[in-house]
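The values are calculated or read from the model by the stated rules, or taken from the named source; none is laboratory data. Being a predicted model, the structure only gives us computed values, none of them experimental. When we count neighbours, we look across all protein chains shown, and the Cβ atoms used for this are built from the backbone with ideal geometry, even at glycine.
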């Protein structure tokens, strides 16, 4: 079997497809890295959302145990911040809003206390193009006040 002049200088298996593996690698790696980065962002936002919801629930519950609106507001804020810190969530800004208006209802009537917790979750350390530096997550929780407990 004789080879033509063109084929004599070539090694077997190399031809028009020489270098395609490298090219495929160069094209696929950035896409895969971007996908991993987006998964990291989604995971952080999901975990932070769960932490904010838990903090709101704990704040509302703690506020409902207090006897006065001022004490309830203070307790809810302290509880929400402690809960977020305890879960390792580092918020750029924490906002805790407590609705204690139903503390004014007379004893014997049902009443609720509402706690809203907002947290600016940092995303800038992930260094992904197009991802904002932070995102605000909010959650709200309601807890009943004891119907027959004295309120001030």
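Figures for the structure shown
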| quantity | calculated |
| --- | --- |
| Extreme residue, farthest from the chain's Cα centre (by Cα), among residues of region 130-149 that are in contact (Cβ under 8 Å) with a residue 60 or more places away in the chain and over 12 Å from residue 65 (Cα atoms) | 142 |
| Region 79-108: number of residues that are more than 21 Å from residue 136 (Cβ to Cβ) and not in a loop (DSSP other than H, G, I, E, B) | 4 |
| Exclusive hit being over 20 Å from the mean Cα position of the chain (by Cα), modelled with pLDDT of 95 or more and within 23 Å of residue 152 (Cα to Cα), set 113, 107 | 113 |
| Test: residue in region 116-123 that is touching a residue at least 24 places away in the same chain (Cβ under 8 Å), over 15 Å from residue 151 (Cα atoms), touching a helix residue (DSSP H, G or I) at 6+ places or on another chain (Cβ under 9 Å) and part of a loop (DSSP other than H, G, I, E, B) | yes |
| Given (1) in a helix (DSSP H, G or I); (2) over 16 Å from the mean Cα position of the chain (by Cα), number of the condition residue 50 does not satisfy | (2) |
| Which listed residue is out of contact with any helix residue (DSSP H, G or I) (no Cβ under 6 Å at 6 or more places or on another chain), surrounded by fewer than 16 Cβ atoms within 10 Å (Cβ to Cβ) and on the phi < 0 side of the Ramachandran plot, from 102, 90 | 90 |
